[in-house]
Amino acid sequence: MQLNKIELHGYRNFSELSLATAAGVNIIIGPNAQGKTNLLEAIHVLALTKSHRTSKDRELIGWNETSARIEAEIERKLGKITLELQLSAQGKKAKINGLEQRKLSAFVGTVNVVLFAPEDLDIVKGAPGIRRRFMDMEIGQVHPAYLYDSLQYQRILQQRNNYLKSTDAARASAEMLEVWNEQLAASGVKMMQRRQNFIYKLQGWADKIHAGITGGKESLTVVYKPSLSAEEGTSSQEQSSLLQQFMLKLSQGKEQEFRRGTTLIGPHRDDLAFAINGRDVQTYGSQGQQRTAALSLKLAELELMREEIGEYPLLLLDDVLSELDQERQTQLIETFQNRVQTFITTTGLESVNMGRLKDAAIYHVRGGTVLP
Ligand SMILES: Nc1ncnc2c1ncn2[C@@H]1O[C@H](COP(=O)(O)OP(=O)(O)O)[C@@H](O)[C@H]1O
Ligand SMILES: [Mg+2]
């Protein structure tokens, strides 16, 4: 798929922007704090209705504005689509081809993106939250029901945590807790099964790509580590046993949860584990190996998305090219060139292997304006 055109009105430091984008590689150049990431973020928000940098939509609206609007023309295999997303204190309004969508989940997935930012290079070594965000970003775009389940889960989790903080185990109402446990487990189990399935499929691609980058010397394994050990399989019988297991663990952990004032198991505590040639990368991997693993994962995401939706998503590379050595840069460029519409931000072209990038369109960003 392809983004033909994007317009921003009152979005962050772009008060008005209308930009026609090229089919292949688009390079966005500018000094720091000019709006490069803001522009990529706007494309990401259009795809997921959420920023990758903040959960507060207010921050996306220009300081002197009361609302922000993102409009775009997308070209997919089936034809052209216009998208419009408006953000204001009243919430979000989304339109596809001028038609307002009653649910945001009907809008998500109309355009798909894979974003690679410097913090993703820490996907292996960094905090577990980075790995959970990685799973959520992809699964949410491909399976709208997952978004619904994770929103439900977050809402119940919050209420349950407030309750755990507000009283102690002795005084707690068993009935109330039981209701929350049931609801938490119901949406939690659905999330866990999606994640399990996603990582299982991603792993195949990631291993293949990682082997390619390392000339066949290294094999990469990615394993889903739910905070609550899940049995594999998705049959309804197993689903109900996982549900029971979830609820059993919740009630067993009751005393501790009240003492700590927070929910100690569930998808919000999930993690991933990586191994290269059978050895744990978090513990034994060199920085180079960790970065290669991160790169392999992101490229695997591109392939998996193509497999699931039938065309490549847009690739957004925020400041990462210069963070990679020449060899990994080349590897990355080879995978997207001529296949995937790509948006690259950078402060300068010195660190970018331009010799490899053919026919890239170049834009200069200064203080919320884009100059060709
Ligand atoms: N809501 C907002 N309204 C106006 N300007 C904003 C808003 N949020 C961030 N900015 C400005 O955007 C700039 C940061 O843009 P960013 O895209 O992150 O920079 P970079 O080009 O380094 O990627 C900062 O100068 C910041 O002051
Ligand atoms: Mg930036």
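Brief remarks on what is shown
- Leading residue by the ranking (nearest to residue 140 (Cα to Cα)) among those in segment 50-63 that are away from ligand 2 (no atom under 14 Å from the Cβ) and at pLDDT below 95: 50
- Qualifying residue in segment 264-273 (condition: part of a loop (DSSP other than H, G, I, E, B) and over 25 Å from the mean Cα position of the chain (by Cα)): no
- Qualifying residue in segment 91-100 (condition: hydrophobic (A, V, I, L, M, F, W, C), under 23 Å from the mean Cα position of the chain (by Cα), within 16 Å of ligand 2 (Cβ to nearest atom) and farther than 17 Å from residue 313 by Cβ): no
- Checked against the criterion of being β-branched (Val, Ile, Thr) and in contact with a strand residue (DSSP E or B) (Cβ under 6 Å, 6 or more places away or on another chain), the candidates 142, 114 yield just one match: 114.
- Matching option when the condition is touching a residue at least 24 places away in the same chain (Cβ under 8 Å), more than 23 Å from residue 343 (Cα to Cα) and of a type outside the set (Gly, Ala, Ser), among 69, 58: 58
- In segment 14-52, the qualifying residues are those that are within 8 Å of ligand 1 (Cβ to nearest atom) and surrounded by fewer than 20 Cβ atoms within 10 Å (Cβ to Cβ), and the one that is nearest to residue 365 (Cα to Cα) is 31.
- Looking only at residues in segment 21-47 that are outside any helix (DSSP H, G or I) and touching an Asp or Glu at 6+ places or on another chain (Cβ under 9 Å), the one that is farthest from ligand 2 (Cβ to nearest atom) is 23.
- Filter result for the condition that a residue is under 20 Å from residue 1 (Cβ atoms) and in the same structural domain as residue 320 (by TED's automatic domain parsing), over 370, 352, 340, 365: 340
- Considering 187, 227, 166, the condition of being among the hydroxyl-bearing types (Ser, Thr, Tyr), more than 30 Å from residue 331 (Cα to Cα) and surrounded by fewer than 13 Cβ atoms within 10 Å (Cβ to Cβ) is satisfied by 166 alone.
- Residues located in segment 274-293, provided they are among the charged types (D, E, K, R) and in a helix (DSSP H, G or I): 291
- Taken as a whole, the condition of being of a type in the set (Val, Ile, Thr), touching a Phe, Trp or Tyr at 6+ places or on another chain (Cβ under 6 Å) and more than 30 Å from residue 74 (Cα to Cα) does not apply to residue 340.
- Within segment 252-266, residues that are among the aromatic types (Phe, Trp, Tyr) have Cβ atoms under 9 Å from residues that are surrounded by 15 or more Cβ atoms within 10 Å (Cβ to Cβ) and part of a helix (DSSP H, G or I) in these pairs: 258/164, counting only partners at least 6 apart in sequence or on another chain.
- Pairs with Cβ under 8 Å, 6+ apart, first in segment 188-202 and closer than 15 Å to residue 221 by Cα, second aromatic (Phe, Trp, Tyr): 196/224; 199/224; 200/224
- Here is the figure for segment 299-345: residues that are closer than 20 Å to residue 45 by Cα and within 16 Å of ligand 1 (Cβ to nearest atom) total 8.
- Subset of segment 320-347 [touching a Gly at 6+ places or on another chain (Cβ under 9 Å) and within 16 Å of ligand 2 (Cβ to nearest atom)]: 322, 345, 346, 347
- Only strands (runs of 3 or more DSSP E) whose full extent lies in segment 76-128 are considered here, and the ones with at least 1 residues that are small (Gly, Ala, Ser) are 79-88, 91-96.
- For segment 220-259, the set of residues classified as among the aromatic types (Phe, Trp, Tyr) and either more than 28 Å from the chain's Cα centre (by Cα) or at pLDDT below 90 (or both) consists of 258 only.
The values are calculated or read from the model by the stated rules, or taken from the named source; none is laboratory data. Treat the numbers as computed from the prediction; the structure is a model and nothing was measured. So basically every Cβ, Gly included, is an ideal-geometry build from the backbone, and we count neighbours across all protein chains shown.
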